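The values are calculated or read from the model by the stated rules, or taken from the named source; none is laboratory data. Since the model is a prediction, treat every value here as computed from it, not as a measurement. Note: ideal-geometry Cβ built from the backbone for every residue, glycine included; neighbour counts use all protein chains shown.
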């Protein structure tokens, strides 16, 4: 059992808010409308496929670099796929443009580990909601974010959780970026060897 779930079972806090009150869930754009004139001045597009595999590749679509910064994704951003395959992850695949059906989750009021853990906590419930839709691509709505309950820890609980969970999330990001860097070096070396 994670520290987060253990805290949930023992918390004395009675301060409840909705999931969309602790973070902003920014939807991506239909990136095919922002096709670049050339690949050199472009960003790879982050779609559900890329989120699943953890990186973009040569088959990823491309988008112009002048898209709004709110739909640009960088290492360490929390990404939540709300349609089709519902999943939440912390992106470490490098700069990208955020496609529709994905939320970039941010907050000015709460740390990343907090809104990441709460979004993950509600993921199974969101998956059940999406599975119940009578469409080919199940999804959730903004109302489902509003209906998802969040408990705000007491001050002392928050300090304890921060001490336990922030280093875990930070290490996850660091390791993901390091793995991506090593894969890039490996690919370059292989090209030289085979070229």
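Within region 15-24, identify whether any single residue is under 13 Å from the mean Cα position of the chain (by Cα), closer than 28 Å to residue 130 by Cα, at pLDDT below 95 and part of a loop (DSSP other than H, G, I, E, B), and answer yes or no.
Pass one, region 15-24, residues under 13 Å from the mean Cα position of the chain (by Cα): 23-24.
Right, trim to closer than 28 Å to residue 130 by Cα and you get 23-24.
Narrowing the set further to residues that are at pLDDT below 95 leaves none.
So far as region 15-24 goes, no, none of its residues is under 13 Å from the mean Cα position of the chain (by Cα), closer than 28 Å to residue 130 by Cα, at pLDDT below 95 and part of a loop (DSSP other than H, G, I, E, B).
Hey, can you tell me all the residues within region 126-147 that are assigned to a helix (DSSP H, G or I), touching a helix residue (DSSP H, G or I) at 6+ places or on another chain (Cβ under 9 Å) and exposed (fewer than 14 other Cβ atoms within 10 Å of the Cβ)?
If the condition is that a residue be assigned to a helix (DSSP H, G or I), touching a helix residue (DSSP H, G or I) at 6+ places or on another chain (Cβ under 9 Å) and exposed (fewer than 14 other Cβ atoms within 10 Å of the Cβ), then 142, 146 are the ones that fit.
What pairs come out if I take residues in region 26-43 that are farther than 25 Å from residue 83 by Cβ and pair them with residues that are exposed (fewer than 11 other Cβ atoms within 10 Å of the Cβ) and at pLDDT below 95 whose C-beta lies under 7 Å away, six or more apart or interchain?
From residues that are farther than 25 Å from residue 83 by Cβ, there are no pairs.
Inspect all residues belonging to region 65-79 and state whether any of them is in contact with a strand residue (DSSP E or B) (Cβ under 7 Å, 6 or more places away or on another chain), over 28 Å from residue 166 (Cβ atoms) and surrounded by 16 or more Cβ atoms within 10 Å (Cβ to Cβ). Let's see the steps before the verdict.
Looking only at region 65-79, we keep the residues that are in contact with a strand residue (DSSP E or B) (Cβ under 7 Å, 6 or more places away or on another chain), and these are 65, 67, 70-73, 76-79.
Next, from what is left, pick out any that are over 28 Å from residue 166 (Cβ atoms): 65, 67.
Adding the requirement that they be surrounded by 16 or more Cβ atoms within 10 Å (Cβ to Cβ) leaves 67.
So far as region 65-79 goes, yes, one or more of its residues are in contact with a strand residue (DSSP E or B) (Cβ under 7 Å, 6 or more places away or on another chain), over 28 Å from residue 166 (Cβ atoms) and surrounded by 16 or more Cβ atoms within 10 Å (Cβ to Cβ).
Being surrounded by 14 or more Cβ atoms within 10 Å (Cβ to Cβ) and part of a helix (DSSP H, G or I) narrows it down to one of 169, 150, 159, so name that one. Write out each step before concluding.
On the way: 150 fails: part of a helix (DSSP H, G or I); 159 fails: surrounded by 14 or more Cβ atoms within 10 Å (Cβ to Cβ).
Matching residue, one of 169, 150, 159: 169.
Would you please name the residue that is farthest from residue 76 (Cα to Cα), looking only at residues in region 114-146 that are touching a residue at least 60 places away in the same chain (Cβ under 8 Å) and touching a strand residue (DSSP E or B) at 6+ places or on another chain (Cβ under 7 Å)?
So in region 114-146, the residues touching a residue at least 60 places away in the same chain (Cβ under 8 Å) come out as 114-115, 117-119, 121-122, 142, 145-146.
Narrowing the set further to residues that are touching a strand residue (DSSP E or B) at 6+ places or on another chain (Cβ under 7 Å) leaves 115, 118-119, 145-146.
Numbers: 115: 13, 118: 16, 119: 15, 145: 22, 146: 24 Å.
Among those residues, the one meeting the criterion is 146.
Looking only at region 51-79, count how many residues are closer than 22 Å to residue 121 by Cα and outside any loop (DSSP other than H, G, I, E, B).
Residues flagged as closer than 22 Å to residue 121 by Cα and outside any loop (DSSP other than H, G, I, E, B) within region 51-79 amount to 5.
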